[in-house]
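Since the structure comes first, as structure tokens, the remarks are kept for the end.
What follows is calculated from the coordinates using simple rules that are stated; it is not laboratory data. None of these values were measured; they are calculated from a predicted model. No Cβ is skipped: glycine too gets one built from the backbone with ideal geometry, and neighbour counts run over all protein chains shown.
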Amino acid sequence: MLRTHTCGELTLKNAGNSVVLCGWLQRSRDLGGMTFIDLRDRYGITQLVFNMETNASLCEAARKMGREFVIRVHGRVTERSNKNLKMPTGEIEISVDSFEILNEAKTPPFTIEENTDGGEDLRMKYRYLDIRRSPVKEALLLRARVAAETRNYLNKVDFIEVETPVLIKSTPEGARDFVVPSRMNPGEFYALPQSPQTFKQLLMVAGMDKYYQIVKCFRDEDLRADRQPEFTQIDCEMSFVEQEDILNTFEGLVRHLFDAVKNCNIGELPRMTYAEAMQNYGNDKPDIRFEMKLIDFSTLSKGKNFKVFDEAGVVLAICAKGCSEYTRKQLDELTDWVKRPQIGATGLVYARYNTDGSIKSSVDKFYSPEDLKLWMEKCNAAPGDLVLILAGEEHKTRKAMSELRLEMGSRLGLRDKDNYRALWVLDFPLLEWSEETQRWHAMHHPFTSPKPEDVGLLTSDPGKVRANAYDMVINGVEVGGGSIRIFNKELQQKMFGILGFSPEDAQAQFGFLMNAFEFGAPPHGGIAFGFDRLCSLFGGADSIRDYIAFPKNNAGRDVMIDSPAKISAEQLKELQISIHKP
Ligand code: ASP
């Protein structure tokens, strides 16, 4: 090795030792007779000191080096007079005897320190410099830790890691596929997996029993903030199990991860049905760090000649504790907030429960004090609280109220990042009606099995069929989801029929899976966790981007390598692809 130690390990215990360190020059400070340099590597920062009096030429040479020079120093560990107890190496410094420049560096385009002056685009273009900064580096170390602990847990309970191919055929998970042209089969394309779904099921037919993989998945979706076209899943599947077994196994995984990575016990995960989640939170991934449930005011508020409520599909309220003194301005601002297109409400009705016991609402014209008293009772409001009400078409209003609830939760400081509340959401509907395509879509994916007791409804009332499907939700974020699968050819065929596939199409696209079901498929089920998201949750960050070494930007571009990019005419010709400009 070119070094005896790293920049993160020397302490007072090493005082007097001769050492050799390598690293990057983070910054240097000239203080008259002395020059101090912060030397950085992955493990930490160690202070170097050069003394003008004892070695003027060395000190002068050191002063000539710029930021991010790569150097190797020989010196002695000495106790610092000016200690920095915030750093593990803060009690010592290295009195340098000699150094070599291993490589020079141009002045970096942004400051490579804990805090940087570099904007997002610049940092992405020079991601290799950004990764030298400790917050990004720490995020990647955390990611590696989560991956290692995932493997530890799953290996211990007999899962085996199996790789599945990346060049495959379309898997219908609801998004568009990325496709790759095949040179050897002109006019034909591979698809990149949206997930290894069908392969993991085939591994169950193959008798692998318990499979996992930390695997890249690809979905060509319109990019929303914080979505990456390629992302990583912890993908798992088990045979001879029921839903309960999967919930227990993976609750165990997540508990292990919180324990090992965050030193935090998240306790037993509560369970909630999809129907309850929608009713109480207006959302299938409820943030249960705080209550503020949605209260249905429909019966209570109708029939008093207030047209907005009378004509609404649903009238929903939430009670914001301690907010009765919101000013007119705050309420107007909140009204504007719910009217933004992203939220889509037409207006906001409020009722203040004043601390003197009186109630004042924005619809006093229509509702008597007695009416309003009933409102307060219905949502358990106390003097000092503020009741906020939205009305309109059921689905839209629930969604808007869910957003308002989250917003109020944030404003009231009820969504502490370090308070982790996880739960299972169960019994999702199997199917979802799409107005756009005028047909049923699988809510999870077409391989999900209906609840046996609901199979009869498949033909009579498909929208009512519940699936053996589950999501794990932490702090309002869906971190994982899966299902018990169909493992019988006839039922799978029936399912494709309901989803609008002709028997021929179903056979052409999924014959490989249905045929496999004829050779002794075991009952099986599984789950996949969004690995990037899980890491960002552990790291307490909103964005998954910092947990990915080389992420793409919001336009799906890698601005560092400048991709996607055109390919040469030769490559196109070889692939027999011609580009038609509109
Ligand atoms: N393949 C599914 C997904 O990516 C997960 C599963 O059902 O196991 O969401």
*Rounded to the nearest 20 debye, dipole of segment 1-86 from Cβ charges on Lys, Arg, Asp, Glu*: 220
*How high is the relative contact order of the chain, in percent, with contacts defined as C-alpha pairs under 8 Å that are six or more residues apart?*
13
_Once you place label points 7 Å from the Cα toward the Cβ at Lys581 and Thr346, how far apart are they in nm?_
4.9
*Mind checking the dipole of the chain: about its Cα centre, +1 per Lys or Arg Cβ, -1 per Asp or Glu Cβ, Debye to the nearest 20?*
1200
*asked:* Order 26-36, 571-581 from most to least packed using the mean count of other Cβ atoms within 10 Å.
replied: 26-36, 571-581
*asked:* Averaged across orientations, what area in nm² does the convex hull of the alpha carbons in the chain project?
replied: 36.7
_About the Cα centre, and with charges only on the beta carbon of Lys, Arg (+1) and Asp, Glu (-1), how big is the dipole of segment 18-143? Nearest 20 debye, please._
320
*Say the dipole of the chain comes from +1 at the beta carbon of Lys and Arg and -1 at that of Asp and Glu; which of Tyr212, Met495, Cys7 then lies farthest toward its positive end?*
Cys7
*Specify which residue in the list Ala442, Phe428, Ala400 is farthest towards the positive end of the charge dipole of segment 371-482, using unit charges on the beta carbon of Lys, Arg (+1) and Asp, Glu (-1), about the Cα centre.*
Ala400
*Between Asn265, Val77, Ala565, whose Cα lies farthest towards the positive end of the dipole of the chain when Lys and Arg beta carbons carry +1 and Asp and Glu beta carbons carry -1, centred on the Cα centre?*
Val77
*Report the extension gain between Arg557 and Arg145 in nm, rounded to one decimal, defined as 0.36 nm multiplied by the number of residues separating them, less their alpha carbon distance.*
145.6 nm
*asked:* Give me the one-decimal nm value for the distance between modelled label points at Glu291 and Asp220, 7 Å along each residue's Cα-to-Cβ direction.
replied: 5.0
*Given the Cα-Cα distance of Glu9 and Asp416 and 0.36 nm per residue of separation, how much length would full extension add, in nm?*
143.2 nm
_trypsin sites (Lys or Arg not before Pro) restricted to segment 194-269 and DSSP loop, no more than 12 other C-beta within 10 Å_ = Arg224
_I'd like the isolated cysteines in the chain, meaning no second cysteine's beta-carbon lies under 4.7 angstrom from theirs._
Cys7, Cys22, Cys59, Cys217, Cys236, Cys264, Cys323, Cys535
*Cross-link partners among aspartates and glutamates for Lys417, C-alpha distance below 13 Å, same-chain residues fewer than 8 apart left out?*
Asp287, Asp542
*Three-way shape call for segment 442-559 based on the alpha-carbon gyration tensor, with the a/c threshold at 1.5*: prolate
*Fully extended, how many nm does the chain gain between Phe189 and Glu79 (0.36 nm per residue separation, minus their Cα-Cα distance)?*
33.1 nm
*Under the rule of -39500 (n - 2.57) per DSSP H run of 4 or more residues, summed and divided by the residues of the chain, what mean residue ellipticity at 222 nm is obtained, to the nearest 500 deg cm²/dmol?*
-8000 deg cm²/dmol
*Between Trp337 and Lys86, what is the spin-label point distance in nm, taking each point 7 Å from the Cα along the Cα→C-beta axis?*
3.3
*Short version: ³J(HN,Hα) in whole Hz for each residue of segment 39-48, in order, from phi by Karplus 6.51 cos²θ - 1.76 cosθ + 1.60 (θ = phi - 60°), x for Gly and Pro, what are they?*
9, 10, 9, 4, 8, x, 10, 10, 7, 9
*Pop the C-beta distance of Thr355 and Ser543 into the FRET formula with R0 = 30 Å and round what comes out to the nearest 0.05.*
0.15
